[in-house]
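Below you'll find the structure, written out as structure tokens, and then a few comments.
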Amino acid sequence: MGKNILLTIAYDGSAFHGWQKQPDEFTVQGHLERVMTGLFKREILLNGTSRTDAGVHALDQKASFVSDVNIPTDRLARVINNALCGGEKGSFAKAPVRILDAREMPEDFHARFSCKGKKYIYKIKDESDELSMVFDRNYVYHVRERLDTEAMKTAAALLKGTHDFKSFEASGGNPRTTTVRTIFDADITGKDGEMELHISGDGFLYNMVRIITGTLIEIGQGKRSPQEMEKIIAAADRQAAGFTAPPYGLYLAEVYY
């Protein structure tokens, strides 16, 4: 049957049309499968933990595959990274994907279905200057006015616990049997115009983190009160929540097993 290998992957999502393989689109999964299939001279099919959207980045994406590749597992990351860089010495700066780790897992392990939770980070800059908006545009969401971070922290704390998060689900995703999720933690960190939303949970709905971020930004702008977060959750209606923040400030930060 072969080894069941788990890869830890980081990527710059601005170069890709999301994780999931799609016909005629440059995706992370499609790119990795093509490179690895050519490298190992056998078909490689990856099972990814999170189907990140176009423009979303990953610090800790996970993907598993089963294969009888004869390269020692502790050398796999280096070998795949060399192939991703085209074999050119010192060319990693040109590669938007890197394998951080490879390890053998039990036969019944699956990167997606064995997952117990995830953590996301969303990066925001307020009172952005024109220069930073040029060079950070693919990695941070720029807001021109100063945000009230304390109000945002208060509202973020109200997300914690088990709730029906239907208000934070965008249309167009795969149908879900339930929109109830458990948020382990949600907090706003940072200062001096740079802040991050750190949010972890047992699962997330389609665009859930980006809609939560947009809602928190509206609270930070004074358009909503922090206490309104409870009413938004209770409404179970997408129209009750704020706008969908863009993808390029979002990072898949950690996967829990």
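The values are calculated or read from the model by the stated rules, or taken from the named source; none is laboratory data. For clarity, every value in this text was computed on a predicted model and none was experimentally measured. Glycine gets a Cβ as well: all are built from the backbone with ideal geometry, and neighbour counts include every protein chain shown. Heavy atoms of the whole protein, side chains included, go into the accessibility calculation; ligands, DNA and RNA do not. Shrake-Rupley method; radii C 1.70, N 1.55, O 1.52, S 1.80 Å.
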Item to check | region 82-120 - residue that is in a helix (DSSP H, G or I) and surrounded by fewer than 16 Cβ atoms within 10 Å (Cβ to Cβ) and, of those, modelled with the highest pLDDT | outcome: LYS94
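Give the residues of region 11-45 that are in a loop (DSSP other than H, G, I, E, B) and either touching a Pro at 6+ places or on another chain (Cβ under 7 Å) or under 30 Å from THR213 (Cα atoms) (or both), sorted by residue number.
Narrowing region 11-45 to residues in a loop (DSSP other than H, G, I, E, B): 12, 16-27, 41-45.
Residues satisfying the conditions are ASP12, PHE16, HIS17, GLY18, TRP19, GLN20, LYS21, GLN22, GLU25, PHE26, THR27.
What number of residues within region 167-190 are of a type in the set (A, V, I, L, M, F, W, C), in contact with an Asp or Glu (Cβ under 9 Å, 6 or more places away or on another chain) and buried (at least 16 other Cβ atoms within 10 Å of the Cβ)? Break it down stepwise before answering.
Taking region 167-190 as the starting set, the residues that turn out to be of a type in the set (A, V, I, L, M, F, W, C) are 168, 170, 180, 183-184, 186, 188.
Those still in the list that are in contact with an Asp or Glu (Cβ under 9 Å, 6 or more places away or on another chain) too: 180, 183-184, 188.
Narrowing further to those that are buried (at least 16 other Cβ atoms within 10 Å of the Cβ): 183, 188.
Selection size over region 167-190: 2.
Quick grid of which residues meet (1) of a type in the set (D, E, K, R); (2) part of a loop (DSSP other than H, G, I, E, B); (3) under 16 Å from the mean Cα position of the chain (by Cα); (4) within 22 Å of THR52 (Cβ to Cβ):
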site	(1), (2), (3), (4)
ARG181	yes, no, no, yes
THR189	no, no, no, yes
ARG210	yes, no, yes, yes
GLU230	yes, no, no, no
ALA253	no, no, yes, yes
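Considering only region 121-132, state which residues are open to solvent by 60 Å² or more (accessible area, probe 1.4 Å) and under 23 Å from the mean Cα position of the chain (by Cα).
Start the filter on region 121-132 by keeping residues that are open to solvent by 60 Å² or more (accessible area, probe 1.4 Å), which leaves 123, 127, 129-131.
Of everything in region 121-132, just one residue is open to solvent by 60 Å² or more (accessible area, probe 1.4 Å) and under 23 Å from the mean Cα position of the chain (by Cα), namely LYS123.
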Item to check | Scan of region 8-45 for residues that are surrounded by fewer than 16 Cβ atoms within 10 Å (Cβ to Cβ), in contact (Cβ under 8 Å) with a residue 40 or more places away in the chain and within 25 Å of MET105 (Cβ to Cβ), ordered by number | outcome: GLY38
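In region 191-207, how many residues are assigned to a strand (DSSP E or B) and either modelled with pLDDT under 95 or open to solvent by 70 Å² or more (accessible area, probe 1.4 Å) (or both)?
Kept after step one, since they are assigned to a strand (DSSP E or B), are these residues of region 191-207: 191, 194-201.
Among the residues that remain, those that are also either modelled with pLDDT under 95 or open to solvent by 70 Å² or more (accessible area, probe 1.4 Å) (or both) are: 191, 194.
Of the residues in region 191-207, 2 are assigned to a strand (DSSP E or B) and either modelled with pLDDT under 95 or open to solvent by 70 Å² or more (accessible area, probe 1.4 Å) (or both).
Could you check region 135-158 and list, in sequence order, the residues that are open to solvent by less than 90 Å² (accessible area, probe 1.4 Å) and out of contact with any Asp or Glu (no Cβ under 9 Å at 6 or more places or on another chain)?
Keep residues of region 135-158 that are open to solvent by less than 90 Å² (accessible area, probe 1.4 Å), which gives 136, 138-143, 145, 147-149, 151-158.
The answer is ASP136, TYR141, ASP148, ALA151, MET152, THR154.
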Next on the checklist: Of everything in region 169-198, what is touching a Leu at 6+ places or on another chain (Cβ under 7 Å) and of a type in the set (Val, Ile, Thr)? Give them in sequence order.
Outcome noted: THR179, ILE183, ILE188
Item to check | Some residue of region 169-179 being in a strand (DSSP E or B) and of a type in the set (A, V, I, L, M) | outcome: no
Item to check | All positions within region 164-210 that are under 21 Å from TYR141 (Cβ atoms), among the polar types (S, T, N, Q) and without any contact (Cβ under 8 Å) to a residue 60 or more places away in the chain | outcome: THR189
